[in-house]
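The values are calculated or read from the model by the stated rules, or taken from the named source; none is laboratory data. Computed from a predicted structure; not experimentally measured. All Cβ positions, even for glycine, are placed from backbone atoms using ideal geometry, and neighbour counts span all protein chains on display.
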Amino acid sequence: MTTKLTARCPACNTTFHITPQQLQVAEGRVRCGQCSTLFDAKPSSTEPLLPPTGSMPPLTSAEKALSMTDDTLFTLDSTLPTIRPKQRHLLSSLLIILLSLLLVCQVLWFNQQHWRTSPFLLPLYEQFNLSPWQNIKQIRNEQLVVQPHPEFQDAIRVSLRLKNTAPIPQPFPRLKLTFSDLKGRVVASQIFTPKTYLDRERFDPKSMPSDTPLQFQLDLLAPSRRAVSYQLELFPAS
C-alpha cells in the first residue's frame, strides 16, 4: 500500500493528500489549489494519513487528484470540506432573519393588551388564536334603574344601559347587582353571566359592539324591605 502523507498550505492552512513519489517528482514544491500559494510540502508531510474506517466513505477521485503544471509543480486539491464566502453570507442572512422574526413575535406578545385594539394589527393577532381581548374599564354602565315589576308582585325590574367604549368589540361582561341596607350591609347580591341577560339570537357573548349603547332588562324577585340602595359592578367574562 502506498503511504499517504499530509501537506498543509502555510497561507490558508488547507490540508491535502500527497504521496512520497509525487513529492519526489517536484522536489517537494507544490502549489495550493485553494489560494495558489507555492510552498515546500516536505516539512509538513511527516504525518501518514490514516485510511478511512467504519462507515466513513472512501476518498473521491477529486480529493485524490493531483495535476502537474508546466513548471513541474503539483497543484493540490483540498481534501477537507470548506464553507465558501457565499455560503457563509447566506447562513448569516438566514440567522439574522430568524432572530428578527423572533424579536418581532416577542414585541407583539408583550404589547398585545394595547396593540390588539389597533384595527391595523387586530387581523394579525387573530391569526394566533389568542383568547378574546377584554378591557373591562372600557365598558361603561350609563344607566341603572330599579323599579317595581309592572305585572308581578314581589318582583322588580332592573333596567340598565351598557356601552363598550373600546375601539374594537370585546366580550360582554358579567354583572354583579348588590342591594344594601341603610348601614351599607349587603342584603342581597347576584351575579349574571352574559348568557343570562343576553338575547342569544341578537348578540354574541364574545363580541360586544364598539361604541354602541345597549339596553337590557332583568326581572328579579324583590329583595328584603331593608334594601334601600343598589349597586352594579362589571367583571370580565372569564
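What single numbered condition from (1) of a type outside the set (Gly, Ala, Ser); (2) within 16 Å of ILE139 (Cα to Cα); (3) touching a His at 6+ places or on another chain (Cβ under 8 Å) fails to hold for PHE192?
(3)
Is there a residue being under 34 Å from the mean Cα position of the chain (by Cα) and of a type outside the set (S, T, N, Q) anywhere in the range 151-161? Full working, then the answer.
Kept after step one, since they are under 34 Å from the mean Cα position of the chain (by Cα), are these residues of the range 151-161: none.
Scanning the range 151-161 turns up no residue that is under 34 Å from the mean Cα position of the chain (by Cα) and of a type outside the set (S, T, N, Q).
For the range 191-231, give me each residue that is of a type in the set (A, V, I, L, M) and either free of Cβ contacts under 8 Å to residues at least 60 places away in the same chain or surrounded by fewer than 16 Cβ atoms within 10 Å (Cβ to Cβ) (or both).
In the first step, residues of the range 191-231 are kept if they are of a type in the set (A, V, I, L, M); the result is 191, 198, 208, 214, 218, 220-222, 227-228.
Those that are of a type in the set (A, V, I, L, M) and either free of Cβ contacts under 8 Å to residues at least 60 places away in the same chain or surrounded by fewer than 16 Cβ atoms within 10 Å (Cβ to Cβ) (or both): ILE191, LEU198, LEU214, LEU221, ALA227, VAL228.
Search the range 165-190 for residues being touching a helix residue (DSSP H, G or I) at 6+ places or on another chain (Cβ under 8 Å) and within 16 Å of LEU232 (Cβ to Cβ), and hand back the single one that is surrounded by the most Cβ atoms within 10 Å (Cβ to Cβ). Break it down into steps so the answer makes sense when it comes.
Filtering the range 165-190 down to residues touching a helix residue (DSSP H, G or I) at 6+ places or on another chain (Cβ under 8 Å) leaves 165-166, 168, 170-175.
Okay, now just the ones that are also within 16 Å of LEU232 (Cβ to Cβ), so 172-175.
Working: PHE172: 26, PRO173: 21, ARG174: 18, LEU175: 22.
Among residues in the range 165-190 that are touching a helix residue (DSSP H, G or I) at 6+ places or on another chain (Cβ under 8 Å) and within 16 Å of LEU232 (Cβ to Cβ), the one surrounded by the most Cβ atoms within 10 Å (Cβ to Cβ) is PHE172.
Out of the residues in the range 127-144 that are of a type in the set (S, T, N, Q) and either assigned to a helix (DSSP H, G or I) or at pLDDT below 85 (or both), state the one that is nearest to GLN231 (Cα to Cα). Walk me through how you get there before you give the answer.
Narrowing the range 127-144 to residues of a type in the set (S, T, N, Q): 127, 129, 131, 134-135, 138, 141, 143.
Restricting the remaining residues to those that are either assigned to a helix (DSSP H, G or I) or at pLDDT below 85 (or both) gives 127, 129, 131, 134, 138.
Numbers: GLN127: 39, ASN129: 36, SER131: 29, GLN134: 22, GLN138: 18 Å.
So the residue we want is GLN138.
Which one is surrounded by the fewest Cβ atoms within 10 Å (Cβ to Cβ) among residues in the range 9-35 that are at pLDDT below 80 and assigned to a loop (DSSP other than H, G, I, E, B)?
Ranking the candidates gives GLU27 first.
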